[in-house]
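The values are calculated or read from the model by the stated rules, or taken from the named source; none is laboratory data. This is a predicted model, so every value here is computed, not measured. Neighbour counts are summed over all protein chains in view; Cβ atoms, including those assigned to glycine, are modelled from backbone coordinates with ideal geometry.
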Amino acid sequence: MKREGESAGIPEALLEKARELSRSPSGPVTVRPLCGDGSDRKFFRIACGTSTFVALVSPRTQKDATDENDSYLNIGRHLRQRGIPAPLILYADARQGEFLLEDAGDVHLQTFVRRSPSGVETIYRWVLRLLVSMHRKAPDGFLPEFCFDTQIYDARFIFERELEYFRKNFAVRFLGLEAGDERLLRDFENLAQAAAVREMRFVFHRDFQSRNIMVRAGKLWLIDFQGMRFGPPAYDLASLLVDPYVKLPRRFQERLADLYWTGAGKFLGGTRGDFLRTYAAVRLCRNLQILGAFGFLGLVKGKTQFLEYIPWAWTQLRQWLRSNGGGRYPELGKLVLDSEAHGNWKLRER
C-alpha cells in the first residue's frame, strides 16, 4: 500500500485512514487521480475493496493566517451541521493540507443535464430547492473567521477581485484592448456600489455552478465551498443561471429566477423589485468574473479547455447590457460594442 500511495502522490496518512474506514480493510487499495478543474489542488479517488473515498491534497499557503484549508474544513463542517449536503470530511489535517472525504461521485450537474435533456426543468427545480435551503440554513452559526479570502462581498472586493480581474485578464489580455484603469473606472465604481452588501446577514457560495454540484444516489452534493462568505444570495442564483457550462435559454433563466424568489423571498425580506435590482447588479459582476477567470485560466495557466466556454459568457454579457445595464454602465457597453465592431473579438479564430 505504501508504494502505491507514494507513486500516486497520496500522503500515507490518507491511505491509512481510508483503509481504517473501509468495509474491507484487508482488501486491495487502488488510487486514481481526479480532474480538479480550474483549481491547483489535487484530488484522488481511493478504492479499498468495496469502499471509495476522495482524497484532497492542498498545500498550505498561509502559515500564520486563515488559509484556504482552514476555510474548507470549517465551512465543510458547518454545512453538514446545518443539514446542507456537502461531503462528510472523514479526516483532516489542515496544516498539512490533507483531507479524506466522503465520495460524492463523478457526475456533475453539467453531465447530468446533458444525459437528461428532457428533464432539465425538473432538475433545475431540484437544484433551486437546494439553493434556497442553503441560503436559509447556512447563515445560522456562520462565523467571519471561517473565511480566508475576505469575510464579506463589499465594494472593494468587487472592484478589485471581479471587475478589475475582468479588465486585466479578459479585456486587455484576451481581447487585446487598450482598456486602461480610467476608462471603466466610473462604471466599475457604480457597479461595485450597486452589488455590494454592507451587513453580515446572509452567506453565499460564490461559485454555485454546474461543476460544483454533484449528483449521486439520487442526491445533490455541494462541493468547492471554501470561498463561502457573507454576501448577496442573488449572486449564487446568477452563478447558476449564467453558467456557461450548461447554457440555459434566457426565458428559462427568467422562470428560474421567479421560482427562486417564490421560495426564498419569505426569508430574504424586501420586495421582489429590490431582489431583482440586486440580481441585475450581481449577475453582471458574475458574468465579468467568469470572463476574467476563463481568460486567466486559458492564457496564463495554460488550461485552454476553458476558452471554449467564452462565447456563451460573452453573448450573455452583450445581451444583459443591452436589456438591463447599458445605460447605467455606458463605457462597459461601449467596450463590448467596440470590441466586435473593430475586430477585437477574435475568439472564433482561436
If we keep only residues of the range 103-129 that are in a loop (DSSP other than H, G, I, E, B) and of a type in the set (Asp, Glu), then the residue surrounded by the most Cβ atoms within 10 Å (Cβ to Cβ) is 103
Does residue 202 satisfy being in contact with a Pro (Cβ under 9 Å, 6 or more places away or on another chain) and not hydroxyl-bearing (Ser, Thr, Tyr)?
yes
For residue 294, state whether it is in the same structural domain as residue 162 (by TED's automatic domain parsing), among the aromatic types (Phe, Trp, Tyr), surrounded by 22 or more Cβ atoms within 10 Å (Cβ to Cβ) and in a helix (DSSP H, G or I).
yes
Test: residue 71 is in contact with a Cys (Cβ under 9 Å, 6 or more places away or on another chain) and of a type outside the set (Phe, Trp, Tyr)
yes
The range 292-322, residues that are among the small types (Gly, Ala, Ser) and within 18 Å of the chain's Cα centre (by Cα):
292, 293, 295, 298, 313
Is it true that some residue in the range 134-152 is in a helix (DSSP H, G or I), in the same structural domain as residue 287 (by TED's automatic domain parsing) and within 16 Å of the chain's Cα centre (by Cα)?
yes
What pairs come up if the first residue lies in the range 328-350 and is assigned by TED's automatic domain parsing to the domain that holds residue 314, the second is at pLDDT below 80 and aliphatic (A, V, I, L, M), and their beta carbons are under 9 Å apart, counting only those six or more places apart or on different chains?
335/179
Are any residues in the range 160-175 surrounded by fewer than 21 Cβ atoms within 10 Å (Cβ to Cβ) and among the basic types (Lys, Arg), and if so, which ones?
161, 168, 173
